[in-house]
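The values are calculated or read from the model by the stated rules, or taken from the named source; none is laboratory data. All values reported here derive from a predicted model rather than from experimental measurement. Here the Cβ is made from the backbone with ideal geometry for all residues, glycine too, and neighbour counts use every protein chain on show. Heavy atoms of the whole protein, side chains included, go into the accessibility calculation; ligands, DNA and RNA do not. Shrake-Rupley method; radii C 1.70, N 1.55, O 1.52, S 1.80 Å.
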Amino acid sequence: MQRRAQNKLVWDLDCALEEGTRPASFNTHGGAQVERTSLVGEIRTRLIAAKGDFFGVVFGPAGVGKTHAIREACRSHPKGVLYLEVYEPRDLARELAKTARIPLDEHAHLLDYVVHRAGIKRYSACYRLPKDLQHEAVSHVLDILAERGARFRKKHGFMPCLFIDGVDLLSKENPAAFGALVDKAKHLASNGSLRLVLVAGDGNALSLIEQTPSASKRDVPVHVRDISNDEAEGYLTGCGLSAPLCKQIVGLTGGRFAHLEKALWVCGAADGLDDATLYGAVRSALYADTERALLRATVINTSPDYELRKEVLRCVLTSGCVKVSELMERLCRRWSYASVEAAIGELVKNSVIRPGDQNMLLAHSKLSETYLRETLKL
């Protein structure tokens, strides 16, 4: 009977890999979806169906549509693909187990964990989650999944893939645990048993991934950017907005997917109004969100670093983008290196500015750039 219970655990886990997660689509407004065929195809070919032993990183500013594209890629190729979105970093091990259909006994003691690591077979209706070693719990669950992942690869000829979306939360709350997760991703990839794909913004998490020491990075990055203005206007038009209103909204938001979604939500809630009134409502709602981000970054108050942070923004917005080294050299004539570094870090963390290609800094979005120019009179 105990062996039958263990066989059922293995069967459930194998079924999870065979069937995949199949996350729900993001078509929330019932209109035309943003077609990102090339991006979905890139995720599918470079990460899901690829043959190499590497882990993946999907990155881009918050709101560009990373989750949307990944969900579509997972839905189009579900076999061997699991998807998890992180909401509470402290529950990551439990959520991983739930995604992979691994039943856990969270009341296990340290002795159970030692027995498991020693390779002694003990048949039970649940896998043991070490409550005494919470920092090892995520690694423990991934080891269980990787064991079946190796068999899956042998059977189908490609490595199973686990997307972990929203790792920025973990990197901010527990950088050490996030570093351990990156190390685990490299280890599992080199073993050929499981490909982790970490989905991150372009701030703290991405920096930690790049800084994690390794003999070989072995990661394949996929950079997600804003959609074009034409695509953005087509999306809004397909959702029922007039062409002139769409052009006005895109002039404010650019191709940032999250801002387009917020604009549609505002227009839906204020149905029946003329275009000028609708645009005013959209502008007010989006500016309110941006103002909250600036307040978190203490840009529009009287904090001691207010002038420094305003100067950082002035340098970034005046030229459109600026190299970090040039900005540091310019500002360190007046402020200390540590103060300038801290100010830049706070602005990046709160999605006011973001790092770009070739070590450049630029406004986090078209919306934040427009708002900052108006509010700070830059």
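Numerical summary
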item: Condition broken by Arg333, with the remaining ones in (1) in contact (Cβ under 8 Å) with a residue 24 or more places away in the chain; (2) loosely packed, with under 14 Cβ neighbours inside 10 Å; (3) not small (Gly, Ala, Ser) satisfied; result: (1)
item: Hits in segment 280-310 (condition: farther than 16 Å from Val348 by Cβ and either modelled with pLDDT of 90 or more or open to solvent by less than 40 Å² (accessible area, probe 1.4 Å) (or both)); result: Gly280, Ala281, Val282, Arg283, Ser284, Ala285, Leu286, Tyr287, Ala288, Ser303
item: Residue list for segment 259-279, filter: modelled with pLDDT of 90 or more and among the aliphatic types (A, V, I, L, M); result: Leu260, Ala263, Leu264, Val266, Ala276, Leu278
item: Members of segment 311-322 that are open to solvent by 30 Å² or more (accessible area, probe 1.4 Å) and either touching a strand residue (DSSP E or B) at 6+ places or on another chain (Cβ under 6 Å) or among the polar types (S, T, N, Q) (or both); result: Thr318, Ser319, Cys321
item: Only listed residue being more than 30 Å from Gly238 (Cα to Cα) and under 20 Å from the mean Cα position of the chain (by Cα), chosen from Arg314, Arg256, Arg334, Arg354; result: Arg354
item: Every residue from segment 240-253 that is without any contact (Cβ under 8 Å) to a residue 24 or more places away in the chain, surrounded by 18 or more Cβ atoms within 10 Å (Cβ to Cβ) and over 25 Å from the mean Cα position of the chain (by Cα); result: Cys246
item: Residue check for Leu361: more than 25 Å from Asp226 (Cα to Cα), modelled with pLDDT of 90 or more and among the aliphatic types (A, V, I, L, M); result: no
